[in-house]
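Below is one structure, written out as structure tokens; the observations come after it.
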């Protein structure tokens, strides 16, 4: 499991996932794992000192468009708003226990 953008993701080598937008474009990034589970053994805490998860930024994606409308009755106050979150698509290339 890795942690990025305030969220936790369960990953395996070869997985592609969308994470919060990263500054690195078309390059390699490394994440510090918070848990490594390999069959019967699980590594957590201070035993993860040298462990890392390597990933490659594949591209960018956009989430669904969210629209909203707020108003105040009898005051002629209306506001339409919209938001579309941007994500980075990463591919996990390797997991080292350290």
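Identify, please: which residue in region 45-67 is surrounded by fewer than 11 Cβ atoms within 10 Å (Cβ to Cβ) and at pLDDT 95 or above and is, among those, farthest from residue 88 (Cα to Cα)?
Looking at residues that are surrounded by fewer than 11 Cβ atoms within 10 Å (Cβ to Cβ) and at pLDDT 95 or above, I get 67.
Please specify each residue of region 71-98 satisfying the condition of being farther than 30 Å from residue 9 by Cα and either in contact (Cβ under 8 Å) with a residue 24 or more places away in the chain or surrounded by 10 or more Cβ atoms within 10 Å (Cβ to Cβ) (or both).
Answer for region 71-98, where residues must be farther than 30 Å from residue 9 by Cα and either in contact (Cβ under 8 Å) with a residue 24 or more places away in the chain or surrounded by 10 or more Cβ atoms within 10 Å (Cβ to Cβ) (or both): just 71.
Starting from residues that are part of a loop (DSSP other than H, G, I, E, B) and at pLDDT below 80, keep the ones in region 22-39 and report whichever is surrounded by the most Cβ atoms within 10 Å (Cβ to Cβ). Give the derivation first.
Applying the first criterion (part of a loop (DSSP other than H, G, I, E, B)) to region 22-39 yields 22-27, 32, 34-35, 39.
Imposing the further condition that a residue be at pLDDT below 80 reduces the set to 24-26, 39.
Working: 24: 12, 25: 9, 26: 8, 39: 5.
Here the residue is 24.
Only one of these is modelled with pLDDT under 90, out of contact with any helix residue (DSSP H, G or I) (no Cβ under 8 Å at 6 or more places or on another chain) and part of a strand (DSSP E or B): 70, 93, 42. Name it.
From the options 70, 93, 42, the qualifying one is 42.
From 13, 18, grab the single residue that is assigned to a loop (DSSP other than H, G, I, E, B) and surrounded by 10 or more Cβ atoms within 10 Å (Cβ to Cβ).
Step by step, each of 13, 18 is checked, and only 13 is assigned to a loop (DSSP other than H, G, I, E, B) and surrounded by 10 or more Cβ atoms within 10 Å (Cβ to Cβ).
Quick one: in region 45-67, of everything that is in a strand (DSSP E or B) and more than 16 Å from the chain's Cα centre (by Cα), which residue is nearest to residue 10 (Cα to Cα)?
Going through region 45-67, the residues in a strand (DSSP E or B) turn out to be 52-62, 66-67.
Adding the requirement that they be more than 16 Å from the chain's Cα centre (by Cα) leaves 66-67.
Values: 66: 26, 67: 30 Å.
Here the residue is 66.
The values are calculated or read from the model by the stated rules, or taken from the named source; none is laboratory data. Being a predicted model, the structure only gives us computed values, none of them experimental. All Cβ positions, glycine included, derive from the backbone under ideal geometry; neighbour counts span all protein chains shown.
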